[in-house]
Amino acid sequence: MSVVEINELTKIYDGRKVVDSISLKIEKGEIFGLLGPNGAGKTTTVSMLSCLISPTSGDAFVNGKSIIKEPMEVKKRIGVVPQDIALYPTLSARENLFFWGKMYGLGGKQLHERVGEVLQIVSLTKRSGDLINKYSGGMKRRINIAVGLLPSPELLILDEPTVGVDPQSRTNILDTLKELNKNGLTILYTSHYMEEVEFLCDRVAIMDLGKIIASGTQNELRLLVGEMDSLKIVTINEIPRSLAGAIKKMSSTNEVEIVDKSIEILTLNGRKFLPDVLEILGKSDVKVKSVEIKEPNLESVFLHLTGKELRD
């Protein structure tokens, strides 16, 4: 079942197509990544989906509700975590959450309970009485996410939620989103950080210059590159050169090179292939010291499709 369905969505500013006829679907219970460099059109896309700006043409639906014809119904179903911090710095975190909860239409016991729940989710209950201007960048980001969770949304939209945070806070945010998704929340996550998208997302759409240039699972996207995994095994004792032939006979292997105490293999699926190689080495009394697998990643996919680096 599709939670989001985007059909030929377009936004034109000053004669330029910032978002150019994009179409995609997001299924219930998945984390969908929208990956692209700054200026690709990601923020404009999620702003339209959040009913903050109107499309020039096309439409999008959240659980069947149109962003054009039924924007208030869409807003009831989504939580939005914007790229900019949307908090009042001279209020405490708890006061911010009560304010935004009332904006969502929550009140009374329901509001008190929900504020307590989202503070627990982002692990800031003990610091909830502190003023926002006393928070670190990472803590502000976590409260920003807590605001988006207040209405118990069917879809959580996050636009570059880790910009400017330290590595520890970024890990905390990503782990929190993983846990929310395990509990059934559908998430749309935009980023120009390849590593975040690779860690989080079930499926990915790569966006550049306002267009969706590729979409699919991470494995489907990697196949577009046509590159093979590079598998390097360093051993304690020398490797008999006769093993190269035996390994080459195994499926999906294009190249095997043995040099003294190391072996390098090009293969379609290094992780799947590795146990078979280790078994062959073990039978020949070759002791393994280290293993390294280099796989095509989303950065190489983007470079392959556009001819430029993701962060250019």
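Below are the figures for this structure:
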| quantity | calculated |
| --- | --- |
| Only listed residue being within 18 Å of the chain's Cα centre (by Cα), surrounded by 20 or more Cβ atoms within 10 Å (Cβ to Cβ) and of a type outside the set (Val, Ile, Thr), chosen from Leu158, Leu150, Leu174, Leu180 | Leu158 |
| Residues of the range 1-42 satisfying the condition of being of a type in the set (S, T, N, Q) and at pLDDT 95 or above | Asn7, Thr10, Ser21, Ser23 |
| Any hit, the range 279-291, residues being touching a residue at least 60 places away in the same chain (Cβ under 8 Å) and either outside any loop (DSSP other than H, G, I, E, B) or in contact with a Leu (Cβ under 9 Å, 6 or more places away or on another chain) (or both) | yes |
| Residue match in the range 232-243 (condition: under 30 Å from Gly33 (Cα atoms), free of Cβ contacts under 8 Å to residues at least 40 places away in the same chain and surrounded by fewer than 17 Cβ atoms within 10 Å (Cβ to Cβ)) | no |
| Matching entry among Gly164, Gly184, Gly148 (being closer than 16 Å to Gly79 by Cα and assigned to a loop (DSSP other than H, G, I, E, B)) | Gly184 |
| Scope the range 248-262; condition part of a strand (DSSP E or B), at pLDDT 75 or above and closer than 23 Å to Gly226 by Cβ; matching residues | Glu255, Val256, Glu257 |
| Candidate set: the range 118-147, residues that are over 21 Å from the mean Cα position of the chain (by Cα) and of a type in the set (D, E, K, R); chosen: the one surrounded by the most Cβ atoms within 10 Å (Cβ to Cβ) | Arg127 |
| Qualifying residue in the range 68-88 (condition: within 24 Å of the chain's Cα centre (by Cα), of a type in the set (Gly, Ala, Ser), in the same structural domain as Lys182 (by TED's automatic domain parsing) and farther than 20 Å from Ala205 by Cα) | yes |
| Hits in the range 263-278 (condition: touching a strand residue (DSSP E or B) at 6+ places or on another chain (Cβ under 9 Å) and either surrounded by fewer than 16 Cβ atoms within 10 Å (Cβ to Cβ) or assigned to a helix (DSSP H, G or I) (or both)) | Glu264, Leu268, Asn269, Gly270, Arg271, Phe273, Leu274, Val277, Leu278 |
| Evaluation of Thr190 against (1) outside any loop (DSSP other than H, G, I, E, B); (2) under 16 Å from Leu119 (Cβ atoms); (3) touching a strand residue (DSSP E or B) at 6+ places or on another chain (Cβ under 7 Å); (4) not aliphatic (A, V, I, L, M) (one fails), failing number | (2) |
| Failed item in (1) assigned to a strand (DSSP E or B); (2) in contact (Cβ under 8 Å) with a residue 60 or more places away in the chain, with Leu221 passing the rest | (1) |
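The values are calculated or read from the model by the stated rules, or taken from the named source; none is laboratory data. Values in this document were obtained by computation on a predicted structure and should not be read as measured data. Cβ coordinates were reconstructed from backbone atoms using ideal geometry, including for glycine residues, and neighbour counts include every protein chain displayed.
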